[in-house]
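All remarks here apply to the structure that follows.
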Amino acid sequence: MKRREFLQTIFGLGIGMGLQPLLPAMAAAAGRPAFRPNILWIMMDDGRADAVGAYGQPWVRTPAMDAIAGDGVLFQTAIIQNPVCVPSRSSMLSARYPYELEMMAMGKPPEREPQYYQHPKPQVTNLLEVWRAAGVDPQNVGKEHGFDKDFTSLGDVPPHFDVYGKPRDDATRKQLEIAHSTYPEVVTKTHRWAIGGIIPLQPEATSTWQLGDRAVETLDRLGQQDGPFFLRVSFHAPHVPCRVPESYFVDPDTIRLPLPTQEELDSKPQFEKEGLRVYAGGLDLSREQIDIARGTYYGMVSLVDAQVGRMVEVLKKHGVYDNTIIAINSDQGFQLGEHGLWKKRVFYEQNVKIPFILSYPAGLPQGKEISEPVEMMDFMPTLLDLSGLEVPGNVRGRSLLPLINGEVSVWRPACFSEIDHSQSMYDELRHGTGRRVMVRTREWKLIAFMDARVEEKDGALYHLQTDPGETKNLFGDPKYAGVVARLEDLARQWDRRVD
């Protein structure tokens with residue numbers, strides 16, 4: 001009997017008896033090593049938490065990811081450590097904060113060296129090295145962006161359009177010409193990013209679907225092998241260029257997202273009023289353009305979800321679904337006009353809170369939601385711990401299993417995110433700026449410059465319990481000076497190197 005057939009039999013028995021969370025421990029108690037699970041890590045690019053239906057928005061259509069959440073654990077507040085792709089992914093893979101990795105932005109060298117460069121850079125062990133040392137080859141389909149050399153790349157299908165919405169290849173250009181169709185395009189003013197539009201293509205002709213084809217073919221092969229596999233499927237969507245087939249476009253009339261009032265806009269930090277608004281171009285869009293862009297964004301996530309459903313079918317066909325850890329997350333979120341902003345590089349909930357779902361029927365509770373805020377830096381040690389692999393001692397993240405299993409109820413005093421705008425690729429963000437830090441507790445969020453190169457903190461303070469939309473900036477109110485001081489003290493304690 002092959003390993004996958006044995007697993008299908010033993011896990012079927014365990015599930016029938018209601019024992020699936022106990023099977024690894026039962027195997028160990030019987031003197032047998034627990035079977036190492038497979039890993040299927042599904043990652044979106046710029047996917048915010050509320051783009052997945054399990055997070056509660058009624059207009060979202062993601063039945064496959066919702067079903068996986070029902071079979072596993074959903075983290076309601078999972079905070080990324082940097083609101084830009086490569087630093088966030090690197091932090092997630094290494095369980096280290098971006099300032100420790102000296103990877104704080106994507107762009108140009110800073111005009112003046114930041115203070116955090118003056119510390120010795122610590123030795124870093126990443127998630128993939130541990131798996132490779134255990135004899136499992138981490139493979140990747142799609143976008144890599146971070147520790148690329150440690151993945152075995154199985155290829156990518158980049159978007160058929162550039163970030164400005166123009167076809168990259170002749171085949172796509174000809175398909176659009178044959179369709180004889182015009183379609184609404186939405187682009188931002190400053191950088192002309194394509195953030196919305198319907199394309200006259202069938203879903204199967206999109207790069208997202210073609211990436212799904214590659215993932216399905218790979219899983220069909222891996223599902224038949226005797227040893228465990230590690231596969232990450234990393235989608236480009238819903239990153240710009242934002243374009244979607246009409247059948248996946250979400251009716252904007254069903255989407256209920258706020259737009260800023262002038263009172264809110266006037267209360268924001270100066271850096272947001274100037275550099276970030278120029279970068280984002282959100283205030284230059286009409287209501288119709290915002291509606292189209294929002295319907296496009298949620299439609300792109302729905303198209304990703306269709307691929308997730310196809311992958312799950314393959315796992316079940318080969319009888320390995322119950323012994324596969326399915327992890328769903330993203331590198332950061334995406335502003336959709338809230339606070340007058342678009343895209344990323346900010347610390348609003350839409351940007352720093354991402355979907356984070358773990359399903360493993362053989363080893364995790366099902367249908368569990370965790371409200372306690374966690375950091376995505378904890379992803380690496382959690383995946384290792386859940387797989388029976390030793391967590392390296394030189395990481396800052398911690399396995400979330402004690403929180404999942406109910407052994408603890410409070411996880412961290414605060415979650416942190418950071419970015420150094422002086423290293424941006426965009427000039428409107430670089431000059432006179434530096435490291436900007438977010439300190440987030442259950443109750444409060446503080447955002448401010450934390451950098452000797454920047455004289456003014458230029459802060460924002462939000463009371464998340466009474467103002468979840470982050471519309472009332474309390475930073476300059478003397479009544480809250482004690483709150484600011486307490487959160488700044490947490491930031492100082494956090495801002496230290498660990499060898």
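The values are calculated or read from the model by the stated rules, or taken from the named source; none is laboratory data. Here the structure is a predicted model, which is why all the values come from computation and not from measurement. When we count neighbours, we look across all protein chains shown, and the Cβ atoms used for this are built from the backbone with ideal geometry, even at glycine.
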Note down all Cβ pairs under 7 Å where the first residue falls in segment 441-453 and is under 15 Å from Gly469 (Cβ atoms), the second is outside any strand (DSSP E or B) and of a type in the set (Val, Ile, Thr), and they're at least six residues apart or on different chains. Trp444/Val483
Residues within segment 261-284 that are of a type outside the set (Ser, Thr, Tyr) and crowded, with 19+ Cβ neighbours inside 10 Å, tallied: 10
Just to check your reading of the model, which residue among Ala215, Ala237 is under 23 Å from Phe334 (Cβ atoms), in a loop (DSSP other than H, G, I, E, B) and small (Gly, Ala, Ser)? Ala237
Mind checking which helices (runs of 4 or more DSSP H) fall wholly inside segment 61-174 and carry at least 3 residues that are in the same structural domain as Arg48 (by TED's automatic domain parsing), in contact with a strand residue (DSSP E or B) (Cβ under 8 Å, 6 or more places away or on another chain) and more than 17 Å from Met43 (Cα to Cα)? none
Modelled with pLDDT under 95, within 22 Å of the chain's Cα centre (by Cα) and closer than 30 Å to Asp427 by Cβ: which single residue out of Glu113, Glu100 fits that description? Glu100
Among strands (runs of 3 or more DSSP E) completely within segment 329-447, the ones holding 3 or more residues that are under 22 Å from the mean Cα position of the chain (by Cα) and surrounded by fewer than 24 Cβ atoms within 10 Å (Cβ to Cβ) are 368-370
Say whether the condition of being of a type in the set (Ser, Thr, Tyr) and assigned to a loop (DSSP other than H, G, I, E, B) is met by at least one residue in segment 250-263. yes
Within segment 421-443, residues among the aliphatic types (A, V, I, L, M), over 12 Å from Met104 (Cβ atoms) and in contact with a strand residue (DSSP E or B) (Cβ under 8 Å, 6 or more places away or on another chain) come out as Met438, Val439
Kindly indicate whether Arg486 is touching a residue at least 60 places away in the same chain (Cβ under 8 Å), among the basic types (Lys, Arg) and surrounded by 12 or more Cβ atoms within 10 Å (Cβ to Cβ). no
